[in-house]
1. Condition (residue is without any contact (Cβ under 8 Å) to a residue 40 or more places away in the chain, in contact with a strand residue (DSSP E or B) (Cβ under 9 Å, 6 or more places away or on another chain) and either polar (S, T, N, Q) or not in a helix (DSSP H, G or I) (or both)) applied to the stretch 53-67: is it met by at least one residue?
2. So is residue 56 exposed (fewer than 10 other Cβ atoms within 10 Å of the Cβ) and either outside the structural domain of residue 15 (by TED's automatic domain parsing) or basic (Lys, Arg) (or both) or not?
3. Given the conditions (1) in contact with an Asp or Glu (Cβ under 7 Å, 6 or more places away or on another chain); (2) surrounded by 10 or more Cβ atoms within 10 Å (Cβ to Cβ), which single one is not true for residue 1?
4. Of the residues that make up the stretch 46-67, is at least one among the charged types (D, E, K, R) and at pLDDT 85 or above?
5. Please tell me if residue 24 is outside any strand (DSSP E or B) and either surrounded by 10 or more Cβ atoms within 10 Å (Cβ to Cβ) or hydrophobic (A, V, I, L, M, F, W, C) (or both).
6. Exactly one of (1) at pLDDT below 90; (2) under 26 Å from the mean Cα position of the chain (by Cα) is unmet by residue 92. Its number?
7. Say we look at the stretch 30-64 and pick out the residues that are touching a helix residue (DSSP H, G or I) at 6+ places or on another chain (Cβ under 9 Å) and among the β-branched types (Val, Ile, Thr); which of these is nearest to residue 11 (Cα to Cα)?
8. Among the residues of the stretch 59-78, write down those that are surrounded by 10 or more Cβ atoms within 10 Å (Cβ to Cβ) and among the polar types (S, T, N, Q).
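The values are calculated or read from the model by the stated rules, or taken from the named source; none is laboratory data. Computed from a predicted model, the values in this text were never measured in an experiment. As a convention, Cβ positions derive from the backbone with ideal geometry for all residues, glycine included, and neighbour counts pool all protein chains shown.
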Amino acid sequence: MSTLVGQKGQITIEAPIREKLGISAGWRAIQRIEDDKVVISFVPPKHNRSLAGILRDATSVRIETEDEMHDAIEQAWGQEVIESKQRVKGTIAQS
């Protein structure tokens with residue numbers, strides 16, 4: 001496959017290559033020279049889809065509001081502090 005270089009130095013990546021690599025519009029092309037050849041790597045864009053609900057099937061915990069999320073985080077940290085102190089006491093007792 002070959003492609004003509006446009007006036008602005010642009011080239012087209014042939015469809016079979018894009019499909020094989022999964023490249024689509026919005027990807028970043030990183031160009032570098034290696035041994036007098038151009039090597040192009042591609043980086044996908046950051047996704048803009050929400051991950052909310054991705055673990056819905058993996059847990060029975062449901063947090064509906066930001067306040068509930070904050071409370072759950074505070075409770076988890078409090079529980080971690082208690083367990084951490086218990087681990088430290090257990091370590092000292094074993095010494």
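1. Looking for residues that are without any contact (Cβ under 8 Å) to a residue 40 or more places away in the chain, in contact with a strand residue (DSSP E or B) (Cβ under 9 Å, 6 or more places away or on another chain) and either polar (S, T, N, Q) or not in a helix (DSSP H, G or I) (or both), one finds none in the stretch 53-67, hence no.
2. no
3. Residue 1 satisfies every listed condition except (2).
4. Among the residues of the stretch 46-67, at least one is among the charged types (D, E, K, R) and at pLDDT 85 or above, which makes the answer yes.
5. yes
6. (2)
7. The residue in question is 63.
8. 75
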